Amino acid sequence: MKENFLALLIVCFSLSNSFLFAQTYSLENIKKDYTRGSGPIVKNNQVSGYYFFNFIDKKDKKTNNYRLSITDANFQKVASKDISGPLDLLVIDAAYNEDVLAIKLVDYKSKVETQSIKFFDKTAKELKTITLPFDMMAALITNDLYTPDDLETSDLHPIDGIGFINLTSIQTKGGMAKRIGVSIDMIPNAPDYKNWHYETPTKLIEVPEFLGYNDEVAFFSMMRRESYIKGGVKYSITAMDLKTGEIRFDKEFTDESYLLDVISINKDENSDNTFLFGSIIDKDKKLATAKTLGMFIAKIDNDGNIKQKSTFLWSDIAKDFKPVDEKGEPVDIGNIFIHKVITNADGKVYAIGERFYKAASGSGIAMTLLGRGSGGGFVKIVVAELVIIELGKDLKPIAIDLIDKGKNNVNLPTGLGWYGTIVLGPYVKQRGGFDYQFSQIFDDKEGFTTVYKSNEKKDKFINTYTILDDRKTKDKISLKTESSKLYVFPAKAGYLAITEYFKKEKKITSRLEKFKH
């Protein structure tokens, strides 16, 4: 009798646990979904929850009601808060830095050209709001040059346990025409760090990209030129001290033969050094029309001194590893856009990218012949296989995997077809043309999973490619759905989070999908 009662208790407890971890979540009466208004809460490379910021209804003639919802990693509701705001609120970006959620907002029809960043804790309690100058991205949307979801923005960058670095595109006033620059702000929430600010000098054009950070400095790739008309474009890496904003170094990385275009960084877990990763370009070519010739990896210290470096050409990769497609036909590597570089605990390095190339655009030619085009859209970018290059501890290639996922076309606007792949790769990324989504690193750094989209005839899938203990595993999840928007986010180990917005039903649903690894 006692055994039966104990067994019944165990069954009931198991059932109650299964309800506690339902792994689905729904939001009703959502009148507008913001592409950049939701995402994962990540701590120590592991997902601990999700946030959602949406428009729910009109409060009065001048005010809307917005809702911030926070869940745990299993989509169990943790907190919810309704927030009043202007009618034409636009979410520019959002980020979580392990402790605090920051949401960057713009009232893009306001006569006051400012933006605000609101900060919340894990219970959705508002901590503070700061106001900054108007953002050029919002200006493009305000003037109907783009819709809010057209561009991939990356303005707010979480510095775990410290605060946020915010990038704002600005207009400087040098010369006859206004010039594009950047305002960089450190917004700390840790006591040992202070606010600091950097702004593009008046007579300079600067376009930055945040690369990442280590324990001491934040790294930026900075494109500079003195005039739209005269002079060439220069790329340099700028390192700013996290505590003070002081520029630790600002330098162009080159060697005897190549210009090194830095794409991403990784912190070296075994020292104070940092790995730089990027493309190599012929030193004598103009950057605007240059073609990427291969890849480089350099280990540097916090003063920009190179401690170790390796370069290799795409042509050498093709010669050494003879990559073929699924039909066994040789593949012209050509150009690879590197999305992510991962260092495992065993010292192996994996560069994850996509092969892409320029081709004639049939639709662009047809539109021109019909008199509906200007003749500039003859060229498109074709995004092809996912490419994973494995590197040894000496940073030399030891293996390459080509994963077929179907082809994706990105038509180029008037005039852009003349540019080289060094410019077109970032353009395709900004337009959301690549299929790569993200990579999840296992907690022990023994392996990782890369997530990417694919097309098979008329069907669309989300795919996973896992490398763990020298095993390689693939899986895919069908995306047959009637939803207006679909997002894929990192999740707890072995799962993906899929969020869908159904515009007609005014509903958001989220779920965890398990995959093989």
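The values are calculated or read from the model by the stated rules, or taken from the named source; none is laboratory data. In this text the structure is predicted, and so the values were computed from the model without any measurement. Here the Cβ is made from the backbone with ideal geometry for all residues, glycine too, and neighbour counts use every protein chain on show. Calculation scope for accessible area: heavy atoms of the full protein, side chains included, ligands and nucleic acids excluded. Shrake-Rupley method; radii C 1.70, N 1.55, O 1.52, S 1.80 Å.
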*For residues that are of a type in the set (Asp, Glu) and within 20 Å of the chain's Cα centre (by Cα), scanning just segment 180-225, find the one that is surrounded by the fewest Cβ atoms within 10 Å (Cβ to Cβ).*
Glu209
*Has segment 225-245 got any residue that is touching a strand residue (DSSP E or B) at 6+ places or on another chain (Cβ under 8 Å), on the phi > 0 side of the Ramachandran plot and at pLDDT 90 or above?*
yes
*Residue check, Asp144 against (1) assigned to a loop (DSSP other than H, G, I, E, B); (2) open to solvent by less than 20 Å² (accessible area, probe 1.4 Å); (3) at pLDDT below 90, all met but one. Which one?*
(2)
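Could you tell me whether Asp301 is at pLDDT 80 or above, farther than 26 Å from Pro413 by Cβ, open to solvent by 70 Å² or more (accessible area, probe 1.4 Å) and out of contact with any helix residue (DSSP H, G or I) (no Cβ under 9 Å at 6 or more places or on another chain)?
No.
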*Every residue from segment 377-394 that is assigned to a strand (DSSP E or B), open to solvent by 20 Å² or more (accessible area, probe 1.4 Å) and either within 12 Å of Tyr452 (Cα to Cα) or of a type in the set (Lys, Arg) (or both)*: Lys380
*Restricted to segment 310-332, and to residues that are in a strand (DSSP E or B) and more than 17 Å from Gly392 (Cα to Cα), which residue is most open to solvent (accessible area, probe 1.4 Å)?*
Pro330
*Find the residue count for segment 103-115, including only residues that are part of a strand (DSSP E or B), out of contact with any Gly (no Cβ under 9 Å at 6 or more places or on another chain) and either surrounded by fewer than 22 Cβ atoms within 10 Å (Cβ to Cβ) or modelled with pLDDT of 90 or more (or both).*
1
*State which residue pairs qualify: first residue in contact (Cβ under 8 Å) with a residue 24 or more places away in the chain and inside segment 298-314, second residue among the acidic types (Asp, Glu) in any location, beta carbons under 8 Å apart, and separation of 6 or more residues or different chains.*
Lys299/Asp268; Asp301/Asp272; Asn302/Glu216; Asn302/Asp272; Lys307/Asp301; Lys309/Asp255; Ser310/Asp394; Thr311/Asp255
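Results for (1) within 19 Å of the chain's Cα centre (by Cα); (2) small (Gly, Ala, Ser); (3) closer than 27 Å to Asp282 by Cα; (4) open to solvent by 30 Å² or more (accessible area, probe 1.4 Å), shown as yes or no for each residue.
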site: Asn411; (1), (2), (3), (4): no, no, yes, yes
site: Gly417; (1), (2), (3), (4): no, yes, yes, no
site: Arg431; (1), (2), (3), (4): yes, no, yes, yes
site: Phe448; (1), (2), (3), (4): yes, no, no, no
site: Lys453; (1), (2), (3), (4): yes, no, no, yes
site: Lys460; (1), (2), (3), (4): no, no, no, yes
site: Thr481; (1), (2), (3), (4): no, no, no, yes
